[in-house]
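Working notes for the structure below.
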Amino acid sequence: MAIETMPKPAMRAATAGMMKALVYQGPGKKALEDRPKPDITASTDAIVKITKTTICGTDLHILKGDVPTCQPGRILGHEGVGIVEQVGEAVTAFKAGDHVLISCVSACGKCEYCRRQMFSHCTTGGWILGNTIDGTQAEFVRIPYADTSLYPISDGADEEALVMLSDILPTGFECGVLNGKVAPGNTVAIVGAGPIGLAALLTAQFYSPAEIIMIDLDDNRLAVAKRFGATATINSTDGKALETVMKMTGKRAVDTAIEAVGIPATFELCQQLVAPGGTIANIGVHGKKVDLHLEQLWDRNISITTRLVDTVTIPMLFKTVGAHKIDPKRLITHRFKLDKILDAYETFGSAAKTKALKVIIEA
Ligand SMILES: NC(=O)c1ccc[n+]([C@@H]2O[C@H](COP(=O)([O-])OP(=O)(O)OC[C@H]3O[C@@H](n4cnc5c(N)ncnc54)[C@H](O)[C@@H]3O)[C@@H](O)[C@H]2O)c1
Ligand SMILES: [Zn+2]
Ligand SMILES: [Zn+2]
């Protein structure tokens with residue numbers, strides 16, 4: 001009797017220490033589960049209470065089983081903003097209560113690659129969040145190397161806009177615009193008008209290219225591209241994108257061809273679109289081999305670049321958002337609460353029907 005009426009501290013503590021999280025359960029399977037709140041495991045960690053997160057096309061790749069490093073049982077998500085709940089004793093730049101942006105890439109700040117600003121290749125970090133360690137689609141997340149993987153958010157900043165800075169804005173900018181050497185007066189083609197291609201479109205305009213031609217199969221996304229500043233759009237469903245670009249450019253082709261899809265057909269199109277002296281900047285994650293047409297390109301003085309986003313431009317992008325030079329909030333089409341995250345996946349996963357670009361999930 002006495003035993004039955006006694007409080008059960010262990011059980012109470014466990015319940016109090018639980019949180020909701022979106023868990024990958026193997027190809028094609030996911031669920032909103034109750035999981036233990038993360039703990040500090042290294043002195044350089046921080047625990048962040050998520051306020052807003054989102055879903056990335058890469059999460060859909062994981063769910064298809066395309067990303068073998070991400071094993072069943074993993075909490076997904078690598079984007080978000082939140083409030084620091086707790087920090088390890090070695091964390092000096094942040095304290096409990098700080099408002100922060102989470103980079104999709106964790107950086108130790110000390111290894112050879114980090115010292116070269118290639119955070120994506122950090123020997124003990126890189127893209128691990130929501131991949132090889134639990135991610136941000138939860139009420140709480142453990143962020144390793146907090147000092148160099150979190151960024152402070154100032155009072156009054158727009159959280160929703162800043163969620164776009166965890167991954168897609170730096171990806172479009174670093175892998176597409178910077179690698180593609182977009183310059184004043186240039187002609188740019190962006191193949192793929194998904195969130196990443198549109199992020200490249202927004203940030204390409206920092207450099208005032210004369211023309212930005214957006215190519216996609218989806219008229220809705222092309223209409224969005226037009227509103228975001230594309231000077232021309234091409235629906236390539238008819239297979240005539242090359243012809244149309246040649247007509248538009250007086251047979252000159254483009255100085256920068258940005259690949260933002262990740263399939264052989266679009267990388268091959270970029271090889272046809274690039275003008276002498278131009279650059280093909282690949283952003284897409286490719287799962288299949290693609291032919292390189294050196295027999296056509298060897299004498300054209302072109303460059304081809306690849307890159308995994310390093311997120312080194314987050315501080316600079318912060319300033320451009322703060323100064324209203326770009327408004328990444330325009331990419332947000334839908335909003336959900338965390339307990340409706342399965343609906344958010346459904347909406348995001350059927351973008352052609354729902355016209356979804358980025359969905360905000362409020363934890
Ligand atoms: N390099 C990196 O660090 C990095 C980071 C994040 C994402 N990515 C990759 O960037 C790519 C784009 O991401 P997203 O989230 O915008 O993807 P998304 O799937 O939302 O968008 C892709 C767009 O390509 C269009 N498309 C498909 N086939 C096409 C074709 N044959 N011709 C023209 N358009 C076509 C689709 O209609 C869609 O609008 C993905 O491969 C993603 O994995 C790379
Ligand atoms: Zn992503
Ligand atoms: Zn490192």
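The values are calculated or read from the model by the stated rules, or taken from the named source; none is laboratory data. Not measured: the values here are computed from a predicted model. Here the Cβ positions follow ideal geometry from the backbone for every residue, glycine too, while neighbour counts run over all protein chains shown. Just so you know, the surface numbers come from the protein's heavy atoms only, side chains and all, with ligands and any DNA or RNA stripped out. Shrake-Rupley method; radii C 1.70, N 1.55, O 1.52, S 1.80 Å.
Might you let me know whether the stretch 273-295 holds any residue that is surrounded by 14 or more Cβ atoms within 10 Å (Cβ to Cβ), part of a helix (DSSP H, G or I) and either at pLDDT 95 or above or of a type outside the set (S, T, N, Q) (or both)? So far as the stretch 273-295 goes, yes, one or more of its residues are surrounded by 14 or more Cβ atoms within 10 Å (Cβ to Cβ), part of a helix (DSSP H, G or I) and either at pLDDT 95 or above or of a type outside the set (S, T, N, Q) (or both). With respect to the conditions (1) touching a His at 6+ places or on another chain (Cβ under 8 Å); (2) assigned to a loop (DSSP other than H, G, I, E, B), HIS78 lacks only one, and its number is (1).
Per this entry, THR203 is counted among residues that are touching a Phe, Trp or Tyr at 6+ places or on another chain (Cβ under 6 Å), hydroxyl-bearing (Ser, Thr, Tyr) and over 30 Å from GLY65 (Cβ atoms).
For ARG116, the requirement of being at pLDDT 95 or above, among the basic types (Lys, Arg) and within 16 Å of ligand 2 (Cβ to nearest atom) is not met. Is it the case, given these coordinates, that ASP158 is acidic (Asp, Glu) and open to solvent by 30 Å² or more (accessible area, probe 1.4 Å)? So ASP158 passes the test. When each of PHE336, PHE267, PHE318, PHE348 is tested for being aromatic (Phe, Trp, Tyr) and assigned to a strand (DSSP E or B), the lone residue that passes is PHE336.
Residue count for the stretch 321-333 under the criterion of being over 30 Å from GLY28 (Cα atoms) and outside any helix (DSSP H, G or I): the result is 5. Screening ALA223 against (1) modelled with pLDDT of 95 or more; (2) surrounded by fewer than 19 Cβ atoms within 10 Å (Cβ to Cβ); (3) of a type in the set (Gly, Ala, Ser); (4) part of a loop (DSSP other than H, G, I, E, B) leaves a single unmet condition, (4).
Any residue at all in the stretch 54-73 that's under 22 Å from the mean Cα position of the chain (by Cα) and part of a strand (DSSP E or B)? Looking for residues that are under 22 Å from the mean Cα position of the chain (by Cα) and part of a strand (DSSP E or B), one finds at least one in the stretch 54-73, hence yes. Here PHE94 does not fit the description of being within 16 Å of ligand 2 (Cβ to nearest atom), of a type in the set (Phe, Trp, Tyr) and closer than 22 Å to LEU317 by Cβ.
For VAL188, the stated conditions hold: it is out of contact with any Cys (no Cβ under 9 Å at 6 or more places or on another chain), at pLDDT 95 or above and surrounded by 24 or more Cβ atoms within 10 Å (Cβ to Cβ).
A single entry from ILE153, ILE143, ILE128 fulfils the requirement of being open to solvent by 10 Å² or more (accessible area, probe 1.4 Å), under 19 Å from the mean Cα position of the chain (by Cα), within 16 Å of ligand 3 (Cβ to nearest atom) and of a type in the set (Val, Ile, Thr): ILE128. For VAL100, the requirement of being at pLDDT 95 or above and within 13 Å of ligand 2 (Cβ to nearest atom) is not met.
Taken together, the residues in the stretch 99-113 that are outside any strand (DSSP E or B) and surrounded by 24 or more Cβ atoms within 10 Å (Cβ to Cβ) amount to 4.
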